[in-house]
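The values are calculated or read from the model by the stated rules, or taken from the named source; none is laboratory data. As the structure is a prediction and not an experimental result, all values here were calculated from the model. Because the Cβ atoms are built from the backbone with ideal geometry, glycine has one as well, and the counts that use them run over all protein chains shown. Remember, those area values only see protein heavy atoms, side chains included, never the ligands or the DNA or RNA. Shrake-Rupley method; radii C 1.70, N 1.55, O 1.52, S 1.80 Å.
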Amino acid sequence: MRLPPGVSSSEFAAVVAEFERAVGKQWVFTRDEDVDLYRDAFSPFLHEAEELVASAAVAPSTTLEVQEIVRIANRRKVPLYPISTGKNLGYGGSAPAYSGSVVVDLKRMNRVIEVNEANAFVLLEPGVSYFDLYHHIQERKLKVWIDCPDPGWGSVIGNALDRGGGYTTANYRNHFDSHCGMEIVLPNGELLRTGMGAIPNAKTWQQYKSGCGPWIDGIFSQSNFGIVTKMGFWLMPEPEAYLRGTVSLTRYADLGPMVETLNYLENARITAGFPDIASPLNGYPPIGQLQVWNETGPPSQTDEHRKLLSSAKLGYSPELEAYGVKSGIPYWQLWLSFHGPAGVIEAQWQAAQRHFAKFEGAKFRVIDRVKLPIDPAKADQYHEPELGVPSLRAFSIGARTPWNPTPSKGHMWFSPIVPRTGEAIIEANRVFSEAARELDMPLFRSFSLPACFWERCFIFILATPVTEDPATNKRYREGFKKLIAIGGQHGWGEYRTAPVFQKSVMDVYSFNDHALQRFQETLKDAIDPNGIMSPGRYAIWPKRLRERRS
Amino acid sequence: MNRRKFCLSSFATAISGAVVGAGCVRVGEPALPAASASVQLYKFVYDRRYPAARAFGIAAAYARSTSGTVAIAGDVTALWSRDLKRVWCAGDGAIAGMTTARTLLCLEQLAHDHWMRVAIRIEHAGAEGHEVAHRLSAAAPMIARISPLLAGADWAAQLPAALAACEDPDGACLTAVIGSTRPLAGADETLVSFVIAARGGIA
């Protein structure tokens, strides 16, 4: 039996026995074969002793059982690490931030408590996956959509608490922002409800977010202040139709004005669907086409095109631009999508074209006009998540293909947030490509484009591979940390990261001598004085383990 | 722990309370697993893009009585959404297959959600000279039974019957590497053969 740090085998045996009394013997796992299932499938410590691992796991089925587990852990000072389904593989999986913690596996808590179709919201438990919620809605023929990430196998609550994003419309793509009301088991075992849920017999828990007084929901995301056992979300009423079109532009200098135009259209809600920026001339696909590229291969390039790309700087050379014009290959291609009544979205598409008509040589093309709902069996003709349909196709990305001859064993996402400007795209490429070359990191080796999950900012999402070779993995880990620091020097920060990098990321958020981190530690000491809840998650260490921060 | 008990308890909660378990709702009374019995396979899965996997799939159709074989092309969304999700939630559905490592990773993660695990894993990796190295992780009796088959020319076609005879693998797996001079014809992908079954008692 593995042990939590500082806990003797006899003490831990007593804890396990208490857990077994609380949830039933069959729901406490201590054998290596069972505990190994909580290892991080994409751990950057593959085959290394430093890999973060659990000592045991316990799977409660009710909030009352969660409370009892927490009380036991608090009495015995045993660290816990709650997971919903543990599927954020590129950001850390189900392995704890503090090796030896006991994983609290919440996937037995898989109840959809309410789907309110009339007012488009849901209340559910952490074990409900996007697939579960989608099928629950489909089986009842409810006219609401989910917004899911890619792939859609994870927990709705888990993804929101990790502040993940999706692909439908702007109101719903930010999964934490679209939540309304939480129930949390605090580190002392007490139960807390936020927002209107703090009113006994509340009637509007999922209908008004903030309640009255300080709105504290945010401190339970990317943190270690409690275990969320229920959470409400706003859903999107099923739209009548979907339209997707492209705007193709020919000049490198169009990038900045293109982004400005997109920002206006999005902030004015003329377009609300997931905007997707590609560069056909640079061979950079839109996110929504990645799986198609993976399945069928990228568009072929001539020798001349490849040669010009190899000599371009920051995705540009006059010769490359001339080649694009001559060959009819757009420099930039913006994919816009619209959801709503057919007449409305046609008008929105027309308005978008009017705004882009000022660009010399702009071309417009409708890719899809879809009457909704679609037949789920035909959803794979599209990028499913943009139509609110969960998929696992993203997992074919990274498989061995002629155009990806050396697939990795996994990946770590490098995900800095940068300003929503064309200049920021180019500056980030300049900074990170120079650094990656010096560090021999396989990122930004060709011109890269960010994603538009959220309004008003860009996010680069680039994979650093996990390999079979520990020496390579070590080099990548160290390089990854340096890239984080370099980003911080330019005012850019990661939005989310795996436990092994959380200290490096939070070190970047250092304004006024790390005032944010000190505030978080003050909260931690008050809320969790015994330091049992996910020690070290997002670099928030309890007082008794604070030396680990450095 | 036992996945069947898990699904039954979820169902009991669902019908006794005001809420519905989204993940697992039983659709019928389960047959109890036979102690130390062979795996009762629900289906074979293979990736039709690869010759070795196609040979596996053709042989699987004759290997033993199952609910059938499923051909995929990397993605398991349809298999999962329309088939395995329901069956795994109901406490059944051990599967065997030959796919890419990525596909198996996907199935393996989904299996964990239903208290199942990979009981047998055989990586078929191309080596220099277009030979194949088979890396086999399984319980010792299964390694002894499967290893000789992997040296033969028709190893891909031999595997379904061997995997279908998999016995309860509960406990530690061992790993063995079996070389072969036989080519993995027509593909440079590392394929993986596997059995996914319930932890503990195999249904």
> Are any residues in region A:31-46 in contact (Cβ under 8 Å) with a residue 24 or more places away in the chain, surrounded by fewer than 19 Cβ atoms within 10 Å (Cβ to Cβ) and at the interface with another protein chain (Cβ under 8 Å from one of its Cβ atoms), and if so, which ones?
Replying inline: A:ASP32
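Scan region A:499-546 for residues that are farther than 29 Å from A:LEU191 by Cβ, touching a residue at least 60 places away in the same chain (Cβ under 8 Å) and either touching a Leu at 6+ places or on another chain (Cβ under 9 Å) or open to solvent by 10 Å² or more (accessible area, probe 1.4 Å) (or both) and jot them down.
First pass over region A:499-546, keeping only residues farther than 29 Å from A:LEU191 by Cβ: A:500-501, A:503-505, A:507-515.
Imposing the further condition that a residue be touching a residue at least 60 places away in the same chain (Cβ under 8 Å) reduces the set to A:500-501.
Residue satisfying the conditions is A:VAL500 alone.
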>> So A:GLY340 ticks every box in (1) farther than 18 Å from A:SER448 by Cα; (2) open to solvent by 30 Å² or more (accessible area, probe 1.4 Å) but one. Which box is left unticked?
In response: (2)
> Does at least one position in region A:495-507 carry a residue that is over 21 Å from A:GLY90 (Cα atoms), hydrophobic (A, V, I, L, M, F, W, C) and either within 25 Å of the chain's Cα centre (by Cα) or in a helix (DSSP H, G or I) (or both)?
Replying inline: no
>> Please go through region A:179-214 and give me each residue that is touching a strand residue (DSSP E or B) at 6+ places or on another chain (Cβ under 7 Å) and of a type in the set (A, V, I, L, M), ordered by number.
In response: A:MET182, A:ILE184, A:VAL185, A:LEU186, A:LEU191, A:LEU192, A:MET196
> Would you say A:GLU384 is of a type outside the set (A, V, I, L, M) and open to solvent by 50 Å² or more (accessible area, probe 1.4 Å)?
Replying inline: no
>> Can you tell me which of (1) touching a Lys or Arg at 6+ places or on another chain (Cβ under 9 Å); (2) among the hydroxyl-bearing types (Ser, Thr, Tyr); (3) open to solvent by 20 Å² or more (accessible area, probe 1.4 Å) is the one A:TYR81 doesn't meet?
In response: (3)
>> Would you confirm, using the coordinates I've provided, whether A:GLU114 is more than 14 Å from chain B (Cβ to nearest Cβ) and acidic (Asp, Glu)?
In response: no
> With respect to B:ALA125, is the statement that it is modelled with pLDDT under 90, within 14 Å of chain A (Cβ to nearest Cβ) and open to solvent by 20 Å² or more (accessible area, probe 1.4 Å) true?
Replying inline: yes
> Among (1) among the β-branched types (Val, Ile, Thr); (2) part of a loop (DSSP other than H, G, I, E, B); (3) more than 28 Å from A:LEU142 (Cβ to Cβ); (4) open to solvent by less than 10 Å² (accessible area, probe 1.4 Å), where does A:THR271 come up short?
Replying inline: (3)
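Being within 14 Å of another protein chain (Cβ to nearest Cβ), touching a residue at least 12 places away in the same chain (Cβ under 8 Å) and touching a strand residue (DSSP E or B) at 6+ places or on another chain (Cβ under 6 Å) is the requirement here; does B:ALA96 meet it? Walk me through how you get there before you give the answer.
Values: within 14 Å of another protein chain (Cβ to nearest Cβ): no; touching a residue at least 12 places away in the same chain (Cβ under 8 Å): yes; touching a strand residue (DSSP E or B) at 6+ places or on another chain (Cβ under 6 Å): yes.
Taking the combined requirement at face value, the residue does not satisfy it.
State whether the residues of region A:486-494 include one that is at pLDDT 95 or above, on the phi > 0 side of the Ramachandran plot and either of a type outside the set (Phe, Trp, Tyr) or surrounded by fewer than 19 Cβ atoms within 10 Å (Cβ to Cβ) (or both).
Applying the first criterion (at pLDDT 95 or above) to region A:486-494 yields A:486-494.
Filter again for on the phi > 0 side of the Ramachandran plot, leaving A:491.
From what's left, either of a type outside the set (Phe, Trp, Tyr) or surrounded by fewer than 19 Cβ atoms within 10 Å (Cβ to Cβ) (or both): A:491.
Yes: one or more hits.
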> Among the residues of region A:126-159 satisfying the criterion of being among the hydrophobic types (A, V, I, L, M, F, W, C) and in a helix (DSSP H, G or I), which is farthest from the other protein chains (Cβ to nearest Cβ)?
Replying inline: A:ILE157
> Of A:GLY181, A:GLY288, A:GLY218, which residue is of a type outside the set (D, E, K, R), outside any loop (DSSP other than H, G, I, E, B), at pLDDT 95 or above and open to solvent by less than 10 Å² (accessible area, probe 1.4 Å)?
Replying inline: A:GLY181
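Residues A:THR296, A:THR229: which one is out of contact with any Phe, Trp or Tyr (no Cβ under 8 Å at 6 or more places or on another chain) and open to solvent by less than 20 Å² (accessible area, probe 1.4 Å)?
Values: A:THR296 fails: open to solvent by less than 20 Å² (accessible area, probe 1.4 Å).
When all the criteria are applied, what remains is A:THR229.
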> Got at least one residue in region A:222-239 being touching a Lys or Arg at 6+ places or on another chain (Cβ under 6 Å), closer than 30 Å to A:ALA379 by Cβ and outside any strand (DSSP E or B)?
Replying inline: yes
> Quick one: B:LEU105 ticks every box in (1) within 20 Å of A:THR467 (Cα to Cα); (2) within 13 Å of chain A (Cβ to nearest Cβ); (3) modelled with pLDDT under 90 bar one, so which box is it?
Replying inline: (3)
> Is it the case that A:TYR98 is among the aromatic types (Phe, Trp, Tyr), closer than 27 Å to A:ALA54 by Cα and within 19 Å of the chain's Cα centre (by Cα)?
Replying inline: no
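In region A:1-30, which residue that is more than 14 Å from A:VAL102 (Cβ to Cβ) and within 13 Å of chain B (Cβ to nearest Cβ) is most open to solvent (accessible area, probe 1.4 Å)?
So the first thing to find is which residues in region A:1-30 are more than 14 Å from A:VAL102 (Cβ to Cβ), and the list is A:8-10, A:21, A:24-26.
With the extra rule that they be within 13 Å of chain B (Cβ to nearest Cβ), the set shrinks to A:24-26.
Details: A:GLY24: 20, A:LYS25: 140, A:GLN26: 62 Å².
Ranking the candidates gives A:LYS25 first.
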> Out of all the residues in region A:402-410, is one or more open to solvent by 20 Å² or more (accessible area, probe 1.4 Å), more than 14 Å from every other protein chain (Cβ to nearest Cβ) and within 30 Å of A:ARG251 (Cα to Cα)?
Replying inline: no
